[in-house]
1. Using a 10 Å cut-off around each Cβ, can you sort Glu115, Glu241, Glu251, Glu129 from fewest to most neighbouring Cβ atoms?
2. Show which lysines lie in cross-link reach of Lys148 when reach means a straight Cα distance below 23 angstrom and same-chain residues fewer than eight apart are skipped.
3. Return the long-range amide H neighbours of Val223 (sequence gap of 5 or more, or a different chain), with a cut-off of under 5 Å between placed amide H atoms.
4. For Lys116, go through the aspartates and glutamates and keep the ones whose alpha-carbon is under 17 Å away, minus same-chain ones fewer than eight residues off.
5. Taking K and R as +1 and D and E as -1, what net charge do the other residues with C-beta under 12 Å from the C-beta of Val22 add up to?
6. Exposure proxy check: Ile13, Ile98, Ile253 ranked by fewest other beta carbons within 10 Å?
7. Between Ile13 and Arg203, what FRET efficiency comes out of the Förster formula 1/(1 + (r/R0)^6) with R0 = 35 Å and r the beta carbon distance, rounded to 0.05?
8. Could you list which residues have their amide H under 5 Å from that of Val120, counting only those 5 or more apart in sequence or on another chain, with H placed in the peptide plane?
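Just so you know, all these numbers are worked out from the coordinates, no wet-lab data involved. These figures come from a predicted structure and were not determined experimentally. Don't worry about glycine lacking a Cβ; one is built from the backbone with ideal geometry, like all the others, and counts go over all protein chains shown.
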Amino acid sequence: MGSQIRQRQLIDILRNDPTVLVNDLARKFDVSGSTIRRDLNDLEKIGIVRRVHGGAIVEDHLAKEPPFEVREITQRDEKALVGKAAASVVKDGMTIFIDGGTTTPFIVPNLKGLEKLTVVTVGLNVVCELVSFPSIITIQLGGELHIKTQTFAGPLSVQILQTCGLSFDLAFISAVGVSAAYGATNQILDRVPQKQEAIQLSRKVAIVVDGSKIGQVALAHIVSMQDVDVLITDPSSPIEELNAIRALGPEIILAE
């Protein structure tokens, strides 16, 4: 097992049982105590956990995400720039997947003028934007409406993706955190399989986030940056983290 996979699993364990000891973790992963301590030190350096005697606890910021209403009105200028930059890579005749979130709706107004475009989405707020563009063929995937994110999620939406023979030229995926070490991550667990299925069905994958998400890590892993084609963000992103992500292969588009 690689260290990144083990460290992601360590985060999950510590969230559920903050009292677990290093020796217990070493036995669970069949590695030495020094290996676990090194993993915890690495996680502490990037602010995910805080070391305590005999173990570690997950920092509060990892477990919390601002309410949708707050996220919807913050970083609006940056999100608008990211949306415009994302739309610039869409071409006539494409079938694209647009994820839910508070950044992805900003893609839609910039699709005006494109011909023979099909958009598949799980975002209720994305659909509301698409209503103004009758020339765009819009497909809303079903599922349980997650009120706090205005997104349809759960097993039904995943099943639709798996069984309807859909494929995408390009998928725009949102995330709560994006880092070189842990890839794109999300806070809501039942949205992760949906995102992963859309990624599998897409010829090209673009992560779209504002700069406040770069360098952050959330609970659940979506995709490693090695498997992402494009990261679209804004110039407020930390340069050091962007350079680390770029070294893994993705093209980085900074919205100006």
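1. Glu115, Glu251, Glu241, Glu129
2. Cross-link targets: Lys64, Lys79, Lys195, Lys213.
3. Result for Val223 returns Ala184.
4. List returned: Asp92, Asp169.
5. Summing Lys/Arg as +1 and Asp/Glu as -1 gives +3.
6. Least to most surrounded, the residues fall as Ile13, Ile253, Ile98.
7. FRET efficiency, Arg203 to Ile13: 0.45.
8. Amide H neighbours of Val120, under 5 Å, 5+ apart: Ile96, Phe97, Ile98, Ile139.
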